[in-house]
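K.L.:
To start, I am sharing the structure in question, which I have written as structure tokens.
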Amino acid sequence: MKRRDFLKWISSLPVVGALGIAGKTGAQEPPAEFAQGWSPNPRATEAFSQSLPKIYTDQVDDLVRQDNNKDALLYRPLVSCLKKAGLAGRWLKDRDGVPCVRAYAQLSVGSCTGNATAQAINVLSAVEITLLDKFQEFKAMCAADGIYGLGREMAGMLRSPYDGCYGSAMAKAVMRMGTLYCMKYENHDLTEYDPTRCRRFGREGVGDVLKLEAKKHPVKSTVRVKDAESAWSRLGNGYPMNVCSDVGFK
């Protein structure tokens, strides 16, 4: 099945329930009905989309018109970067002889929007380095708990008893507040994901030190994808994409 047909099939799926994983952690957990990963905010999403320069939408339209319907496997640049950075043992797993990138494990925190955004940033960085010959070095994967905390602050959701966030808040956060990575920052060690810290970031924010570090690495632009055709064209041209919704995937 070509990627175009697959995306059209996905867009036709019915809504099947909110995302979130139940489990145990040392963090103070909310009631089960609060531990959901996607908290839709259509009004804020529309307002953010309208604030983006129209040239980005025009560029997506151009990609659709120029589309050649060829498949693109964006995990391959990320695999290459992870190997060169010496991170293959931590982030790659073999599946039938094919090296695959490990997914983030959100555990008991409804932080799927942060996880997805972190992975999209990983792919974006790898594509720019590998395919566009950007003079950059891939040093670490994006820190999902840090991205989640930034997105929650941008959404005005700190101190909410609910877990979760929404896609446009994440996009706005990585543009305006920046990004964090799985490394040590002064007295903050983000090397490994920690559900306790993730929930704390979602309730209290990441703090001034990490916000200053995040500002050093912002994402320059984002655009809203409204249909399968534009999604296919963006993926085919090396642009990662998040699907923030209550459609379930396995």
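All of the numbers you see were taken from the coordinates with simple rules; none came from a lab. No experiment lies behind these values; they were computed from the predicted model shown. No Cβ is skipped: glycine too gets one built from the backbone with ideal geometry, and neighbour counts run over all protein chains shown.
K.L.:
So between Asp208 and Met183, what do we pick up on full extension, going 0.36 nm a residue minus the alpha carbon distance?
P.N.:
That works out to 7.3 nm of additional length.
K.L.:
Same structure, new question: Kindly state, as a whole number, the per residue volume in cubic angstrom of the convex hull around the alpha carbon atoms of region 146-250.
P.N.:
Residue-normalised Cα hull volume stands at 131 Å³.
K.L.:
Taking the mean number of other Cβ atoms within 10 Å as a proxy for protection, how do you rank 140-151, 106-117, 194-205, 75-86 from highest to lowest?
P.N.:
140-151, 106-117, 194-205, 75-86
K.L.:
In nm, to one decimal, how far is the modelled label at Ser51 from the one at Cys100, with both set 7 Å along Cα→Cβ?
P.N.:
3.8 nm
K.L.:
With each pseudo-label sitting 7 Å past Cα toward Cβ, what's the Arg76-Lys226 distance in nm, one decimal?
P.N.:
Label-label distance for Arg76 and Lys226, simple model: 3.3 nm.
K.L.:
Right, next: When a footprinting reagent is the concern and you count Cβ atoms within 10 Å, what order do Glu46, Glu229, Glu186, Glu128 take, fewest first?
P.N.:
Listed from fewest to most nearby Cβ atoms, that is Glu186, Glu46, Glu128, Glu229.
K.L.:
Provide the convex hull volume over Cα atoms per residue for region 186-237, in Å³.
P.N.:
Once divided by residue count, the hull of region 186-237 is 160 Å³.
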